[in-house]
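Report on the structure given below.
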Amino acid sequence: MNVFERYAPFIQDFIYRSGWQTLRGVQNAAGEAIFGSEDNVLLTASTASGKTEAAFFPILTLLDEEPPRSVGVLYIAPLKALINDQFGRLEELCEEAGIAVTRWHGDVAQSQKRRLLRKPSGILQITPESLESLLINKHMEIPSLFGDLRFIVIDEIHSLLRGDRGLQTFCLIERLCKTAGCTPRRIGLSATIGDPEAAGRFLAAGSGRRTVIPRFEGGKEIWRLSMEHFFSTAPQADEGRQSVPETPVPEVPTDTAPKAADPGIGYIFEHTSGKKCLIFTNSREECESVCQSLRQYCEANHEPDRFLIHHGNLSASYRESAEDEMKDDESLLSVCATATLELGIDIGRLERAFQIDAPFTVSGFLQRMGRTGRRGDPSEMWFVMREDHPEPRAMLPDMIPWYLIQGIALVQLYIEERFVEPPRMGRLPYSLLYHQTMSTLASCGEMTPGELASRVLTLSCFRRISQDDYRLLLRHLLEIDHISRTENGGLIVGLTGERIVNNYKFYAVFRENIEYSVRSGPEELGTIVKPPPVGDKIAIAGRVWVVEDVDHKKREVYCTLVKGNIPAYFGDVAGDIHTRILERMYGVLNEQKSYPYLMRHAVCRLADARDTFQKAAIAGHPLVHLGGNMWALFPWLGSYAFLALERFLKIRCQKRLGLKGLSPSRPYYLQFTMKVREEEFYRITAEEAKKEFDPLELVYPKEVPVFEKYDEYVPQELIRKGFALGVLDVEGMKKRVLGWSETIAAPSPDR
């Protein structure tokens, strides 16, 4: 097929105006798949490869040839910022053909939404949460809005593969299609899919179509990558060394960080001068802290502030001003950011990205790396790994620079194996089951228990949940008045349930904290949790403010700007680290391989860590004697298998091992005291792992492990079951424990 000739004339004109000489591989492949079949399509290609155009050129051609009687394309994206960015690109593309493009999220004016409801057409861009709201609050409009829906485009689909938010998105798609009576094709877009076949099955669930994954030559990836390590105080790892391997040296900085500054932050300050950069952190608190410090360095150097900030707790105006500034190719400002700038947004000609410490996932690393390298330049990332000097009498586990080792493992896994985290399947999402039950009742009104079950339990993501479990949930919801029975025996949302469903926070299934809006005069700065008393200080928007007043009823904090530097707090965020990353960390410590991207300090710190690893004889022996009855266990397991091991040792093995004081540093190691020898530890744990036991035994007596947002409304019996069978990786844990006994010979006398 000549894909270009198949495009609509207005698409061909757009390509000519843009000065393109040829179509890219992804665009030819996508055109053949979309024009040549009726299947779903999963497009996986590197960042800035033209995936959006690859999908939309053939889709818009088909819409132009046969205009739909309703919205023709539903575009779902995980972030408002991504929708805002794509809106401008799509609007320019569709203008000539008269195809309307409408945004629908919390920051969009009601007038634009009403216009679409009056005359449904074109492309609707929406977040999962706004789609949930639409299904609840505009249920009667769904058939007219989507009756002739042809395509559902899911951008950055990898971000939806491992949690409840992704399952919610596909529940909503199935519910929408049933209500509207439409059978659209699904198009998934991502730069970071590790297992395309598994992702394709995830994309297709409940659609009645198979998924095509086009293959094409994507071109060679070129990276500029560096990784440096800093202790928070002198001396650095390379000081006093007679010989250090040659490493690349960055260009001479034009600025100097203040004396006695944090060396890692000073390094970033120096190497962002005169450039446009992104500085990624792993939490909102760290983002605030880093931005505060960098702004203080500007002040100490008597230069204008050149740092912006972007994270999910900031107000829309703060986020959008940072996005607009970054899109300006003349700008030389840098932005401190979290994952909010990780996904898909084109923010112009970025010169480099910095990553402070290691991200949790290979996927996150690739997405952040992909923010740079647009406009034809190579992608460029500088890792900055920081740690405090170990205490003089520190135990062995504290001698290992875990973030540095994790960062190397992430990079090596992708370089060597092209590994990216696969979809997280096999869960029992009872929290989401509650949410979709309440959402379905809120949107559809009174239903019999059988009708409700037929609507909810038939959704693809609930296929592992039994009718008995659902009856248990419904009985519980009747008891707590979240649902109630009518005189006819039907079910409706109860009075208590209405207070949950009618709150805008209900639309999201990711866990949130109770937040207070922070204001300075008429300006909204963003939101925080746990507001301090009047007179105390808070950190938000990269600055420090003193609290003048707190209105707990309205949940508003009023403050004024002051100088200073304090930590911020936005609530707890859990990491999800895959077992393959921990296994590769073991490999990093156990091999003598050098990595060309390591800088001088990092080379020396890695050498020290490998020396510690070898002297402690950890290779092949995960259990290390720390002296007396104290031991450290290095299981090299990901977050959920590590959690299962921790409970297995406490609950199944504690008495036989004489185990006490178990202290985990998840997911790297556990420390404890025990009364048995090393070989007995391996024998006893293997014997216990071989026994048949119910994973529910790994839930402590009377424990209700609330893990997801709506678990508190689910029967305790189901919460425990969902945690044991859907969260804990018991099989991964058992495999590792049995592997120890099979591969580890009896220890030599000196161990």
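What to note about this one:
- Projecting the Cα atoms of 125, 362, 321 onto the dipole axis of the chain, where Lys and Arg carry +1 and Asp and Glu carry -1 at the beta carbon, places 362 farthest toward the positive end.
- If you look at the Cα atoms of the range 288-403, you get an Rg and a Dmax of 16.5, 52 Å.
- Taking the Cα centre of the chain as origin and assigning +1 to Lys and Arg Cβ atoms and -1 to Asp and Glu Cβ atoms, the resulting dipole is close to 1620 debye.
- Distant-in-sequence amide contacts of residue 237, defined by a placed amide H-H separation under 5 Å and a gap of 5 or more residues or a different chain, comprise 231.
- In order along the range 185-192, the phi-based Karplus estimate (6.51 cos²θ - 1.76 cosθ + 1.60, θ = phi - 60°) of 3J(HN,Hα) comes to 7, 10, 10, x, 10, 6, 9, 9 Hz; Gly and Pro are listed as x.
- Remark: the range 603-610, residue by residue, has Karplus-estimated 3J(HN,Hα) of 4, 6, 5, 5, 4, 4, 5, 5 Hz, where x stands for each Gly or Pro and the curve is 6.51 cos²θ - 1.76 cosθ + 1.60 at θ = phi - 60°.
- The alpha carbon gyration tensor of the range 72-172 gives principal lengths a ≥ b ≥ c with a/c of 1.5 or higher and a/b no greater than b/c, which makes the shape oblate.
- When the range 358-432 is described by a simple charge dipole with +1 on each Lys and Arg Cβ and -1 on each Asp and Glu Cβ, the residue from 395, 385, 426 located farthest towards its positive end is 426.
- Mean Cα-pair separation over length for the chain, i.e. relative contact order, pairs under 8 Å, 6 or more apart, %: 12 percent
- Amide H contacts of residue 212 (H built 1.01 Å from N, under 5 Å, at least 5 apart or other chain): 40, 41, 42
- Over 18 Å between alpha carbons, listed pairs 650/691; 537/563; 537/709; 691/734: 537/709
- Ranked by the mean number of other Cβ atoms within 10 Å per residue, highest first, peptides 362-369, 554-561 order as 362-369, 554-561.
- Disulfide-incompatible cysteines by the Cβ rule (no partner under 4.7 Å) in the chain: 94, 171, 177, 182, 277, 287, 298, 444, 461, 559, 604, 653
- Residue (of 466, 494, 477) at the positive-pole extreme of the range 445-513, dipole from beta-carbon charges: 466
- The alpha-carbon of residue 593 sits under 25 angstrom from the alpha-carbons of these lysines, leaving out residues fewer than 8 places away in its chain: 220, 615.
- Applying the Karplus relation 6.51 cos²θ - 1.76 cosθ + 1.60 with θ = phi - 60° to the range 352-363 yields 3J(HN,Hα) values of 6, 10, 10, 10, 8, 6, 8, x, 6, 10, 4, 4 Hz, where x marks Gly and Pro.
- Within straight-line cross-link reach of residue 119, lysines at Cα separation under 19 Å, skipping those fewer than 8 residues along the same chain: 138
- For residue 525, distant residues with modelled amide H under 5 Å away: 518, 519, 520
Bear in mind these aren't lab numbers, they're just calculated from the coordinates by the rules spelled out. Keep in mind that this is a model prediction, so the values were computed, not measured. Because the Cβ atoms are built from the backbone with ideal geometry, glycine has one as well, and the counts that use them run over all protein chains shown.
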